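Colleague: Questions regarding the structure given below will be posed in turn.
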Amino acid sequence: MTYPLDKLCLQVFKFDRRVRYAGVLDDTGRIIAGGMRKGISSLEPASEDLRLMANLTIQIGTDKTWDQYFGRIQYTFVKREKVNMLIFGVGNNLMLITTQPDVDLEQIAQLRDTVITIYSTGMIPEKVK
């Protein structure tokens, strides 16, 4: 049994106050759980949301063609001036997490490991409770 996706997104927000967005996308790029942290404004206009999610889904899908040579993608991390983006699989879906740019790569790796643990075991580490 896997952890409920809406609750999983709430646990991501508990991990660090600098998490801006935690959402789960299906294979078409549709948001099926989560969203922006309350009180935080999106950096892109709402009119671009669908295009952004579709772009991410297409990119990950295209990258799967390389799996036979390099193995499966464990995660994708993009560091931009204004935001960090972390994308990885949870079951058959994609998890998209954005953070403030001051979150470092080690913290991002801990966040991903925490999410995978919660999703697969249902156990919430002490740091997140």
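The values are calculated or read from the model by the stated rules, or taken from the named source; none is laboratory data. None of these values were measured; they are calculated from a predicted model. Cβ placement follows ideal geometry from the backbone for every residue including glycine, while neighbour counts extend to all protein chains displayed. Please note that ligands, DNA and RNA were not included when accessible areas were found on the heavy atoms of the full protein model with its side chains. Shrake-Rupley method; radii C 1.70, N 1.55, O 1.52, S 1.80 Å.
Colleague: List the residue pairs whose Cβ atoms are under 8 Å apart, where the first residue sits in the stretch 46-66 and is touching a residue at least 40 places away in the same chain (Cβ under 8 Å), the second is open to solvent by 90 Å² or more (accessible area, probe 1.4 Å) and of a type outside the set (V, I, T), and the two are 6 or more positions apart or on different chains.
Modeller: Listed by first residue and then by second, the contacts come to M53/R30.
Colleague: May I ask you to list the residues in the stretch 54-77 that are outside any helix (DSSP H, G or I) and either open to solvent by 50 Å² or more (accessible area, probe 1.4 Å) or in contact with a helix residue (DSSP H, G or I) (Cβ under 8 Å, 6 or more places away or on another chain) (or both)?
Modeller: R72, I73, Q74, Y75, T76, F77
Colleague: Can you tell me how many residues within the stretch 17-30 are out of contact with any Leu (no Cβ under 6 Å at 6 or more places or on another chain), of a type outside the set (S, T, Y) and in contact (Cβ under 8 Å) with a residue 12 or more places away in the chain?
Modeller: Final tally of qualifying residues: 8.
Colleague: Scan the stretch 111-129 residue by residue and report those that are outside any loop (DSSP other than H, G, I, E, B) and among the β-branched types (V, I, T).
Modeller: Matches in the stretch 111-129: T114, V115, I116, T117, I118, T121.
Colleague: Restricting the search to the stretch 93-110, which residues are assigned to a helix (DSSP H, G or I), more than 13 Å from the chain's Cα centre (by Cα) and hydrophobic (A, V, I, L, M, F, W, C)?
Modeller: Result: L105, single match.
Colleague: Closer than 19 Å to L5 by Cα, at pLDDT 90 or above and not aromatic (F, W, Y): which single residue out of R20, R30 fits that description?
Modeller: R20
Colleague: If you go through the stretch 15-48, how many residues are charged (D, E, K, R), outside any loop (DSSP other than H, G, I, E, B) and either touching a His at 6+ places or on another chain (Cβ under 7 Å) or surrounded by fewer than 15 Cβ atoms within 10 Å (Cβ to Cβ) (or both)?
Modeller: 1
Colleague: Pairs needed: first member in the stretch 3-16, within 12 Å of R37 (Cα to Cα); second member anywhere, surrounded by fewer than 19 Cβ atoms within 10 Å (Cβ to Cβ); C-beta distance under 6 Å; at least 6 residues apart or different chains.
Modeller: Final answer for the pair search is Q11/V128; F13/R37; K14/V128.
Colleague: Could you please find all residues in the stretch 78-92 being of a type in the set (A, V, I, L, M, F, W, C) and not in a strand (DSSP E or B)?
Modeller: The answer is V83, and nothing else.
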